[in-house]
1. At a 1.4 Å probe radius, carbon and sulfur cover how many percent of the accessible area of the chain?
2. How much accessible area per residue does segment 1-43 have, in Å², with a 1.4 Å probe?
3. Over the chain, what relative contact order in percent results from Cα pairs under 8 Å that are six or more residues apart?
4. Can you give the angle from 0 to 90° between the axis of helix 2-23 and the longest principal axis of the chain, with both taken from C-alpha atoms, to the nearest 10?
5. Report ³J(HN,Hα) in whole Hz for each residue of segment 38-54, in order, from the Karplus equation J = 6.51 cos²θ - 1.76 cosθ + 1.60 where θ = phi - 60°; Gly and Pro get x.
6. Given the -39500 (n - 2.57) contribution per DSSP H run of 4+ residues, what per-residue ellipticity at 222 nm results for the chain, rounded to the nearest 500 deg cm²/dmol?
7. With θ set to phi - 60°, apply the Karplus curve 6.51 cos²θ - 1.76 cosθ + 1.60 along segment 62-70 and write out the HN-Hα couplings as whole Hz, x wherever there is a Gly or Pro.
Amino acid sequence: MADFLLMFILVIPIYGVLIWSYFDPEESLLWGKRWMYKEEPEIAEGAICYTKMMSLVSMIVLTVIYAFGLF
């Protein structure tokens, strides 16, 4: 039981980052790389869509893995 509680506590920040990536993909794509540009870079619509979909898929897969580990 303690290992599932520990796993849940460790997964919370990952969910937070994935939710942030889903709702603000432009900012998450530029996180840590903004210093490389003198002006605001334009991000392709495909990259934004890909980031949102991969965040959603990752949240679903993480939930399924946690649910199967619980049972």
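1. Working: 4250 of 5780 Å².
About 74 percent, which is the carbon plus sulfur part of the accessible surface.
2. Details: 3750 Å² over 43 residues.
Heavy-atom accessible area per residue stands at 87 Å².
3. Values: 27 pairs, mean separation 29.6, N = 71.
Relative contact order, the chain: 42 percent.
4. 20 degrees
5. My calculation for segment 38-54 gives 7, 10, 5, x, 9, 9, 5, 4, x, 5, 5, 5, 5, 5, 5, 5, 5 Hz in order.
6. Values: 3 runs with 54 residues, N = 71.
Calculated at 222 nm, the ellipticity per residue is -26000 deg cm²/dmol.
7. Running phi through 6.51 cos²θ - 1.76 cosθ + 1.60 with θ = phi - 60° gives 4, 5, 5, 4, 5, 5, 6, x, 6 Hz.
The values are calculated or read from the model by the stated rules, or taken from the named source; none is laboratory data. Model, not experiment: these values are computed from the prediction. We work out accessible area using only protein heavy atoms, side chains counted, and drop any ligands, DNA or RNA first. Shrake-Rupley method; radii C 1.70, N 1.55, O 1.52, S 1.80 Å.
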